[in-house]
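First up is the structure itself, then whatever we jot down about it.
The values are calculated or read from the model by the stated rules, or taken from the named source; none is laboratory data. Every value quoted in this text rests on a predicted model; they were computed, and no experiment measured them. Cβ placement follows ideal geometry from the backbone for every residue including glycine, while neighbour counts extend to all protein chains displayed. Ligands, DNA and RNA are excluded from the accessible area calculation, which covers all protein heavy atoms including side chains. Shrake-Rupley method; radii C 1.70, N 1.55, O 1.52, S 1.80 Å.
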Amino acid sequence: QVQLVESGGGLVQAGGSLRLSCAVSERTASRYVMGWFRQAPGKEREFVSALSIRGALTSYADSVKGRFTISRDGAKNTVYLQMNSLKPEDTAIYYCAAKVGSLTTVSTAYDYWGQGTQVTVSS
């Protein structure tokens, strides 16, 4: 059973930055496709970014492209989401997720989920 623990959320002003971390319990975390999703109040969970096994491929939602960067530190079994130029519409609970196989933006394809971390961007 893979366990994911997010951290790094908080309150930031518009234009600011945050870096989210997702610690993966397995030592072979690089075997998994890692994704970040978010859910704002009253809205459906939406795809933010994903990283393929061994980091060869990345994918970003259009709304965050050019502002967010996903990366993996294999030695620390941790995946990061660097978020720059934050906007109030980025306010949401951010979830880390993992799956085996190929990269996908579909949330239901992910097998493992973290508990989420709140990101609030004030205007």
### Task
Considering only residues that are of a type in the set (D, E) and modelled with pLDDT of 95 or more, look in the range 29-88 and name the one that is most open to solvent (accessible area, probe 1.4 Å).
E44
### Summary
Restricting the range 102-116 to residues that are among the small types (G, A, S) and either more than 11 Å from F37 (Cβ to Cβ) or touching a Lys or Arg at 6+ places or on another chain (Cβ under 8 Å) (or both), the one surrounded by the most Cβ atoms within 10 Å (Cβ to Cβ) turns out to be S107
### Query
Do the conditions hold for V119, that is, is it over 17 Å from M34 (Cβ atoms) and either touching a residue at least 60 places away in the same chain (Cβ under 8 Å) or surrounded by 18 or more Cβ atoms within 10 Å (Cβ to Cβ) (or both)?
yes
### Task
Within the range 13-28, work out how many residues are of a type outside the set (G, A, S), part of a strand (DSSP E or B) and open to solvent by 20 Å² or more (accessible area, probe 1.4 Å).
3
### In the range 79-94, the residues that are within 15 Å of S122 (Cα to Cα) and either under 10 Å from the mean Cα position of the chain (by Cα) or in a strand (DSSP E or B) (or both)
M83, A92, I93
### Query
Can you tell me which residues in the range 60-78 are part of a loop (DSSP other than H, G, I, E, B) and within 14 Å of S49 (Cα to Cα)?
A61, D62, S63, V64, K65, G66, R67
### Where a residue in the range 66-91 is on the phi > 0 side of the Ramachandran plot and its partner, wherever it lies, is open to solvent by less than 50 Å² (accessible area, probe 1.4 Å) and assigned to a strand (DSSP E or B), with Cβ under 7 Å and at least six apart
N77/A23; N77/V24
